[in-house]
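Reviewing the structure listed below.
The values are calculated or read from the model by the stated rules, or taken from the named source; none is laboratory data. What you see is a predicted model, and the numbers here were worked out from it, not measured in a lab. We place every Cβ from the backbone using ideal geometry, glycine too, and count neighbours over all the protein chains shown. Heavy atoms of the whole protein, side chains included, go into the accessibility calculation; ligands, DNA and RNA do not. Shrake-Rupley method; radii C 1.70, N 1.55, O 1.52, S 1.80 Å.
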Amino acid sequence: PPTVPITVLSDARCERRECDTKRQVAGLKSRIAGAKITEVDYDSERGRELFEKSGVKMLPAILIGREIQRDPDAYRSIARQAKRQGDMFVQLVGRFDPTKGEWIPRPEVPIQMLVDERCKSRECQSSGRFVGFVKRGAPGAKISNVDYSTPEGVQLWKQFVAAAADAPPAKGRRGPQAPGLPIAFFGASIEQEAEIFGRLSKRFTKVGDLYAFQLGPWDPTAEICDNEQDDDNNGQVDCADAHCADQIVCREEQPRKLSAFVMSQCPYGVQVL
């Protein structure tokens, strides 16, 4: 296996249990066969140099060399936990601020989940998994639901739509994403949770002092095609509304007709046919 330099950057002044990196080091050794681990204290010239270079704000931190990319299995195992910073991957462990010489407690992070109780789609029903992910990354999260049917929900929606229209496309997208629900609105204190903030930041939309993260495509202003109500107040109900023309619930049934789209010589496609 390739040799992978790993530096454990810590501060001897931190005596909290969370500053003990033995468990993290043991985990790295079990996953990275070529791990070559060095421990460096902040109170040294090399330590302060690494602190500045890595861009971390708190310690302990584990700095993994780019050589990890030469070991695909090991790289996959740390990719979700470490953030790329220059020519290294950084994994945060503790919350000790070496510039102040003190432990920084977890911040309280208010999060408003803008939802629509009318939405029964998979995206709307699975937002609980996202909430679980957030709570693991930000234990101080204080989550509340705001339904679109309330004045507060409508106001949040309008603010998000306006902000999204002015925001540049997210990385990897050719154009702007159509606004939709659910949306998680994070308070500014999420910035203090560096790890989860870094993982979500590419898809954040700034809405005033809040950070908005869109989870689904549900448009709360559009006609719902099977509830026998005029949801968008245009005088057309369900399938009579132009918005519903392409929805499967409104398609005219054509008995004994099946259109199959298959790639030529695809073995699985052949089996299906």
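Structure data summary
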| item | result |
| --- | --- |
| Inter-part distance where the range 33-78 and the range 92-135 are each reduced to a Cα centre, Å | 26 |
| Over 18 Å (Cα to Cα) - which of LYS22/LYS57; LYS53/LYS83; LYS57/LYS100; LYS53/LYS202; LYS22/LYS83 fall in this group | LYS22/LYS57; LYS53/LYS202; LYS22/LYS83 |
| Extension gain, VAL270 back to VAL249 (0.36 nm per residue minus Cα-Cα distance, nm) | 4.7 nm |
| Normalised per residue, the volume of the convex hull around the Cα set of the range 95-195 (Å³) | 136 |
| Candidates LYS100, LYS36, LYS120, ranked by Gaussian network fluctuation over the chain, Cα under 10 Å, top entry | LYS100 |
| Residue-averaged [θ]222 nm for the chain, counting only DSSP H segments that reach four residues, each worth -39500 (n - 2.57) | -7500 deg cm²/dmol |
| Amide H contacts of ASP116 (H built 1.01 Å from N, under 5 Å, at least 5 apart or other chain) | TYR148 |
| Residues with amide H under 5 Å from that of GLU39, placed H, sequence gap 5 or more | VAL8 |
| Kyte-Doolittle at least -0.5, axis length at least 20 Å by Cα - qualifying DSSP helices, the chain | 151-166 |
| Stokes-Einstein D (µm²/s) once Rh is taken as the Kirkwood radius of the range 148-273 over alpha-carbon pairs, at 4 °C in 1.567 mPa s | 71 |
| Total formal charge among the other residues, if their Cβ is under 12 angstrom from that of VAL109, Lys/Arg +1 and Asp/Glu -1 | 0 |
| Cβ-Cβ FRET estimate between ASP87 and PHE133, R0 fixed at 22 Å, reported to 0.05 | 0.20 |
| Charge sum, other residues only, whose C-beta stays under 10 Å from GLY86's C-beta, Lys/Arg counted +1 and Asp/Glu -1 | +2 |
| Unpartnered cysteines - no second Cys beta carbon under 4.7 Å - across the chain | CYS266 |
| For the range 31-71: span of alpha carbons on each principal axis (Å, largest first) | 31, 17, 15 |
| Dipole of the chain [Lys/Arg +1, Asp/Glu -1 at C-beta], most positive-end residue of MET113, PHE96, SER189 | PHE96 |
| Of (1) 59, 53, 46; (2) 73, 55, 30; (3) 92, 49, 35, the label for Cα extents along the principal axes in Å derived from the coordinates | (2) |
| Estimated vicinal HN-Hα couplings, Hz - the range 95-103 in sequence order (Karplus 6.51, -1.76, 1.60; Gly, Pro = x) | 10, 9, 8, x, 6, 9, x, 8, 7 |
| Where the chain is the region considered: accessible area per residue in Å², 1.4 Å probe | 63 |
| Whole-Hz ³J(HN,Hα) from phi, Karplus 6.51 cos²θ - 1.76 cosθ + 1.60, for the range 84-92, glycine and proline x | 6, 9, x, 9, 9, 10, 10, 10, 7 |
| For THR99, solvent-accessible area (1.4 Å; no DNA, RNA or ligand), Å² | 90 |
| Antiparallel bridge percentage (DSSP; both residues within the chain; nearest 5) | 65 |
